Each structure stands twice: as structure tokens, then as C-alpha cells.
Amino acid sequence: MEIALRLRSAPLRKILREGLARELQQLRKERIPCRLDTDKEGDLLWVKVEARSESERRYVKLRLGRFLEEFFLCHGLTLYFHSLWEGELPNSPVLQQAIREALSSRRKNPSLAPFRSLIAERLSSYLRSSSSSIKLDLEGFLYFRLKELRLPLSRLAYEVVDEALFYQESEELLDFLTSFRQRHGASYHRVHCYRTAAGGVLLCDGKGKELAYLSPSDFPEEEGPEDWILGTLILLGARQIVLHGYFPSSTALPLFTRLFRLKECRGCSLCAVPKLKENRSHQAKEP
């Protein structure tokens, strides 16, 4: 019995080949002679099994069907994504890395779980169609035999594109901000960031000298002070930030960690300096 599996994507074909090799190794442990071959062009994987009976043949098909079912659930989105967007997205290393990470984070996505039985049924039906030689194009099977998956896969694929493009834009913004800081920022290498008693934000140098201040009443509605803090730190040319009673939100933290070296103070002499206690009502000062 021979089963030829065609897959044009080289990275996915490598994953498929490694998975099949493990499956066939298990079959050989069960004393079922089998091997895995590759054609000259490389996009075909041949599973060759010397089944000694019809029941053994059905067992092998069942095992391979379950393996392919898991493959579609884990890598169906990647397979669909590349066939959908091939050649349409910029060939940027940053974007490609973002796409790989976004696809990886969506493996075995819960939205595909309800289709498990459908995938198993279609694969089982296809593998039963021939007793000796079977050819299965995985991309074609996904597109034409598993049409019900198109809608959830399309939604996930567009999510991946949005996430990757946002990541690329964020990287470009970070590069610009870093360059701007180097060219136009002041020379305050280390800046201390304090959360004052009344909830304001105070930026000081290492000697406790005030560099900038934002009172709670001046915080942008809903957004909080983080945009102001980031912008002011860049203008100050800060490289290292020492945090005193303040810590960036989970949304802003990645940006802070990419632009600055962060250190959280657990209590120091500057925290107790009287002039740092909030007794001001003036507007934020320019650095």
C-alpha cells in the first residue's frame, strides 16, 4: 500500500516528514513493515506500507488519518495563510518573523476544534477510496474537501496579517524614536520616575533635581500619563529609567523595555527627599 502526500510549503513539509517518520517508527515497532520516501522534486512524500492483511491495512489508514487530522488542526491555518497571501505581503524579515510568531500562537485555535470530527470523517472517507495507491494533495484537500473551514481560517488569517503589520509599524516607530532620541534628546542618561503621594508623575535626575512633572489633573482622559512619560523621557535622552512607586501598564511595558533599561527601586534615599513630596500645583515643566 502506498500513500503519496503532496505539500508545496517547504517548512510545513519538513514538519510533516518528521511527524510521519515518528508514526512509521511506531508502526515498525508493531512489526508492520513501512518506510518513507521523497520524490526527486521534493514536494511528494511517499508512505509505503507492506500490509499483510486487510485489517492491517485499515489499521494503518486509521493511524495515518488521525495523524493528518492533528496536522490540519495544528497547521491548517499556516497552510491556508501561505496559499492565501503568497506573494502579496512585503518580504520584510521583521514582517516574516511577526507572521511566524502570530501563526505559532494560533496553533490548535479553539475556533477550529468543532471541525475535528468533520476533518476526521473526510480524511477517513478519502483514505478508504483506494486500497493500494492513494494520492493526497494537502492544500487541495483543505481548499476543496474542507470548505467549511474557509470562514474560520480566513478570519484567523486576517488577524495574523493585522497583528504582523501592527508589529512592523511598531518596530518602525521604535527605530524612529531611538534615532530621534540619539539626535535630539538631552543628555540625561539615567532618569528617576516617581509616583507622587497625590498620584502625579515626577521625573528627576540622579540628584533629585526635578526635570518634569505632570499632576493628576493634567492626565489625558482614559489614556493616563504614559504617553507623556514616554515622550518626555525621549526628549530627555534617557537610556535607563529607575522606577519609584510607578510601573508601566502591561500595554505600555513592551515599549518601555524596548526603548529603555528599566530598574525598579525597592526603597532608596531619594524616595524620602522632602522636596520630592507633592506640594506643587504648577503645570508640567519642559525638560
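Residue-by-condition table, conditions (1) more than 28 Å from Gly245 (Cα to Cα); (2) assigned by TED's automatic domain parsing to the domain that holds Phe72; (3) of a type outside the set (Lys, Arg); (4) more than 28 Å from the chain's Cα centre (by Cα):
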residue: Arg150; (1), (2), (3), (4): yes, yes, no, no
residue: Val160; (1), (2), (3), (4): yes, yes, yes, no
residue: Glu171; (1), (2), (3), (4): yes, yes, yes, no
residue: Ala198; (1), (2), (3), (4): no, no, yes, yes
residue: Leu203; (1), (2), (3), (4): no, no, yes, yes
residue: Pro216; (1), (2), (3), (4): no, no, yes, yes
residue: Asp227; (1), (2), (3), (4): no, no, yes, no
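Suppose we filter Phe115, Phe144 for residues that are free of Cβ contacts under 8 Å to residues at least 60 places away in the same chain, more than 17 Å from Trp85 (Cα to Cα), assigned to a helix (DSSP H, G or I) and under 27 Å from the mean Cα position of the chain (by Cα); which single one remains? Matching residue, one of Phe115, Phe144: Phe115. For segment 33-76, the set of residues classified as of a type in the set (D, E, K, R) and outside any helix (DSSP H, G or I) consists of Arg35, Asp37, Asp39, Lys40, Glu41, Asp43, Lys48, Glu50, Arg52, listed by residue number.
For Val161, state whether it is of a type outside the set (Asp, Glu) and farther than 30 Å from Arg266 by Cβ. In short, yes. Screening Gly65 on (1) touching a residue at least 60 places away in the same chain (Cβ under 8 Å); (2) touching a strand residue (DSSP E or B) at 6+ places or on another chain (Cβ under 6 Å); (3) of a type outside the set (Lys, Arg) shows it passes everything except condition (2). The residues of segment 118-137 that are of a type outside the set (Gly, Ala, Ser) and in contact (Cβ under 8 Å) with a residue 24 or more places away in the chain, listed by number, are Leu118, Ile119, Arg122, Leu123, Leu127, Arg128, Ile134, Lys135, Leu136, Asp137. Can you spot a residue in segment 183-198 that is touching a residue at least 40 places away in the same chain (Cβ under 8 Å), within 18 Å of Thr257 (Cβ to Cβ) and of a type in the set (A, V, I, L, M, F, W, C)? Checking segment 183-198: at least one residue is touching a residue at least 40 places away in the same chain (Cβ under 8 Å), within 18 Å of Thr257 (Cβ to Cβ) and of a type in the set (A, V, I, L, M, F, W, C).
The residue of segment 55-86 that is nearest to the chain's Cα centre (by Cα), among those that are under 23 Å from Pro110 (Cβ atoms) and aliphatic (A, V, I, L, M), is Leu77. The listed residues are Arg106, Arg122, Arg100, and the only one of them that is buried (at least 18 other Cβ atoms within 10 Å of the Cβ), among the basic types (Lys, Arg), in a helix (DSSP H, G or I) and at negative phi turns out to be Arg122.
Within segment 218-247, track down each residue that is part of a helix (DSSP H, G or I) and modelled with pLDDT of 80 or more. Within segment 218-247, Glu226, Asp227, Trp228, Ile229, Leu230, Gly231, Thr232, Leu233, Ile234, Leu235 meet the criteria.
Scanning segment 176-194 for residues that are part of a helix (DSSP H, G or I) and surrounded by 12 or more Cβ atoms within 10 Å (Cβ to Cβ) returns Leu177, Thr178, Phe180, Arg181.
Among the small types (Gly, Ala, Ser), touching a residue at least 12 places away in the same chain (Cβ under 8 Å) and over 26 Å from Ser9 (Cβ atoms) - does that describe any residue in segment 41-57? Checked against the condition, which is being among the small types (Gly, Ala, Ser), touching a residue at least 12 places away in the same chain (Cβ under 8 Å) and over 26 Å from Ser9 (Cβ atoms), segment 41-57 yields at least one hit.
The values are calculated or read from the model by the stated rules, or taken from the named source; none is laboratory data. Quantities reported herein were computed from a predicted structural model and do not represent experimental measurements. Note that we place each Cβ from the backbone using ideal geometry, even for glycine, and neighbour counts take in every protein chain shown.
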